[in-house]
Amino acid sequence: MSRVNHALKNMKFSMFFYLTFLILQFVSRKLFLDNLGDEFMGLSGTLRSFLGFLNLAELGIGAAVGFSLYKPIFNKEHHKINELISLFGHLYKKIGLFIIIAGVVISCFFPIIFDSLNAPLTVVYYTYYTFLFGMCLNFFFNYHIILLQADQKDYVITSSSQSINLIKILLQCIIVYYYQSVYGWITLELIYYIVNSYILRRKVKQIYPWLGINQKTTNSILKTNPEIIKKVKQISLHKLGTFVTGGTDQILIFVFISIETVAFFGNYELVFSRLLQLVNTAFAGTAAGIGNLVAENNKKNINKVFWEMMALRFYIGGLAIIVLYFVTEPFILVWLSDKTYILSKYVLILFLLNMFIMQIRVPVDHFKDAYGLYQDIWAPVAQSIINLGMSIILLHYFDLAGILMGTTIAFSIVILLWRPYFLYKHGFKENLWHYWKRFLILVLSLILPFYICYEIQKFLILGDINLFNLIIYAFKILLLAFVAYTPIIYISSLGFRNVSKRIFTLVKLK
């Protein structure tokens, strides 16, 4: 199968499961907030953030091994693939052991950290150790799925995991609705982790019968792969930057504002993160495809695909921010039936801006990873310091919006300015002006449609705020955004014209 066919297959599976999952997750979130309370939902979000910090111990090994797998997969070198997966498993098991020990130590301080919590500590510990167990299964039992990801078979993971996840959420809804049981909710999370891990392992065995699933390795394997260790050291700092930028917000809110605000923040984050995840999952196979493309080393084709991906991400992100700017607040009202959950307009704008940056950064990140460019280790450190420092300073002046401002500032400096420069200098080896010229055209091609939609939207009446009216209103906004944005980006962007023709050709062939 070609790279494009693999990507399309991944997209079909991902879109089906995530659209179903997305609807169910919003319904279940409302049900959980009503029956389990803001405090428990804030608690679960905070505990996941703590575990996100522990997950830094992964040190970027997955990314380093994934990068090293592209060439052996392309050349079908089964022996080399087995060796790399064995190395991956050897390192992951050591990290998993460290995470278990560190996780237990952190939990000893929970009576102090959660001293003002109304819920009993047994709930805190049961929830925390369930999440910890689920995370550790990836280190001890399911590390082989990295081969599926590098081999553009994300649809295998998506179809399996999301099917089980959908069943889990449905059962949680039943348990919570009829029994308001926190313990039942957590127990189903635990069962999900176990069943999902078992099925994924069986899938790997079926697809790669030649893969040594249970190979034993020693430290000697590290000596034969020094380049992996070098990449791990570089990527570990990049993971630190990613965590501090995206994973500390809920901790800061818990410490400086309140645990209930964590739940309010989590509602908005659910809207934006799930939409972003939907798009990223739809294009999940493209990262491995780009790795395969770079391995071929066709410079002209690499440049063409890069700008196709940039234009497509701009287009999707642009449509999303136009629609969400007008629809988010009435959606929160319809979804949660309480004005208390609506945050300020400044918070909404910052959420949208950060989501858009996260959307358009993906092509640069994928090509940077495909070239193995991780040596800019100062960048994630600077991003972490800027984000954490500015968030702590600004939250005292702007409350919740200040935390998001810190993220926006860090994104702007490191992601929007530095990373394209680094990719063009060390990967593409071209003049950076070629990037900025086309990037600014994409930015300008979005500003005009947004203004047009802003002015015309004033004449679109939502009426009574209910689900039916909201769906009609959202459809009108989406149609307006599509009509205003599509011709402008098509005329102004060669990359968008190329990717449009590619998509239309594939549709005709189908």
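The values are calculated or read from the model by the stated rules, or taken from the named source; none is laboratory data. This one's a predicted model, so the numbers in the text were calculated from it and none came from an experiment. Neighbour counts run over all protein chains shown; Cβ positions are idealised from the backbone, glycine included. SASA here: full protein model, heavy atoms, side chains in, ligands and nucleic acids out. Shrake-Rupley method; radii C 1.70, N 1.55, O 1.52, S 1.80 Å.
What are the residue pairs meeting all of these: first residue in the stretch 397-426, first residue within 14 Å of Y374 (Cα to Cα), second residue open to solvent by 50 Å² or more (accessible area, probe 1.4 Å), Cβ atoms under 6 Å, and 6 or more apart or on different chains?
Y424/E430
So that you can scan it fast, the table gives a plain yes or no per residue for (1) open to solvent by less than 60 Å² (accessible area, probe 1.4 Å); (2) over 25 Å from the mean Cα position of the chain (by Cα); (3) under 29 Å from I290 (Cβ atoms):
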{"site": "L132", "(1), (2), (3)": "yes, no, no"}
{"site": "F141", "(1), (2), (3)": "no, no, yes"}
{"site": "Q152", "(1), (2), (3)": "yes, no, yes"}
{"site": "S160", "(1), (2), (3)": "yes, no, yes"}
{"site": "L188", "(1), (2), (3)": "yes, no, no"}
{"site": "N196", "(1), (2), (3)": "yes, no, yes"}
{"site": "W210", "(1), (2), (3)": "no, yes, yes"}
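Taking the condition over 21 Å from A474 (Cβ atoms), in contact with a Phe, Trp or Tyr (Cβ under 7 Å, 6 or more places away or on another chain) and crowded, with 20+ Cβ neighbours inside 10 Å, does N354 pass?
Yes; evaluated as a whole, the condition is true for this residue.
From the list L440, L446, L470, L479, pick out the single residue that is more than 18 Å from L324 (Cβ to Cβ), within 28 Å of the chain's Cα centre (by Cα) and not charged (D, E, K, R).
L440
L33 passes all but one of (1) open to solvent by less than 20 Å² (accessible area, probe 1.4 Å); (2) modelled with pLDDT under 80; (3) touching a Gly at 6+ places or on another chain (Cβ under 7 Å); which number fails?
Only one criterion in (1) open to solvent by less than 20 Å² (accessible area, probe 1.4 Å); (2) modelled with pLDDT under 80; (3) touching a Gly at 6+ places or on another chain (Cβ under 7 Å) is unmet by L33, namely (3).
Okay, residues lined up against (1) part of a helix (DSSP H, G or I); (2) at pLDDT 80 or above; (3) touching a Leu at 6+ places or on another chain (Cβ under 7 Å); (4) basic (K, R):
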{"position": "C173", "(1), (2), (3), (4)": "yes, yes, yes, no"}
{"position": "I186", "(1), (2), (3), (4)": "yes, yes, no, no"}
{"position": "L190", "(1), (2), (3), (4)": "yes, yes, no, no"}
{"position": "R202", "(1), (2), (3), (4)": "yes, yes, no, yes"}
{"position": "W210", "(1), (2), (3), (4)": "no, yes, no, no"}
{"position": "I221", "(1), (2), (3), (4)": "yes, no, yes, no"}
{"position": "K230", "(1), (2), (3), (4)": "yes, no, no, yes"}
{"position": "T245", "(1), (2), (3), (4)": "yes, no, no, no"}
{"position": "F264", "(1), (2), (3), (4)": "yes, yes, yes, no"}
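Mind listing whichever residues of the stretch 376-434 are open to solvent by 70 Å² or more (accessible area, probe 1.4 Å), closer than 22 Å to P363 by Cα and of a type outside the set (A, V, I, L, M)?
Of everything in the stretch 376-434, those that are open to solvent by 70 Å² or more (accessible area, probe 1.4 Å), closer than 22 Å to P363 by Cα and of a type outside the set (A, V, I, L, M) turn out to be W378, Y421, K425, H426, K429, N431, W433, H434.
Scan the stretch 373-385 and report the pairs whose first residue is farther than 24 Å from F428 by Cα and whose second residue is hydroxyl-bearing (S, T, Y), with Cβ atoms within less than 8 Å and a gap of 6+ or a chain change.
Within 8 Å, the pairs are S384/T245.
Out of S49, S68, S44, S2, I need the residue that is at pLDDT below 75, surrounded by 19 or more Cβ atoms within 10 Å (Cβ to Cβ) and either touching a Leu at 6+ places or on another chain (Cβ under 7 Å) or not β-branched (V, I, T) (or both). Which one?
Within the list S49, S68, S44, S2, the selection yields S68.
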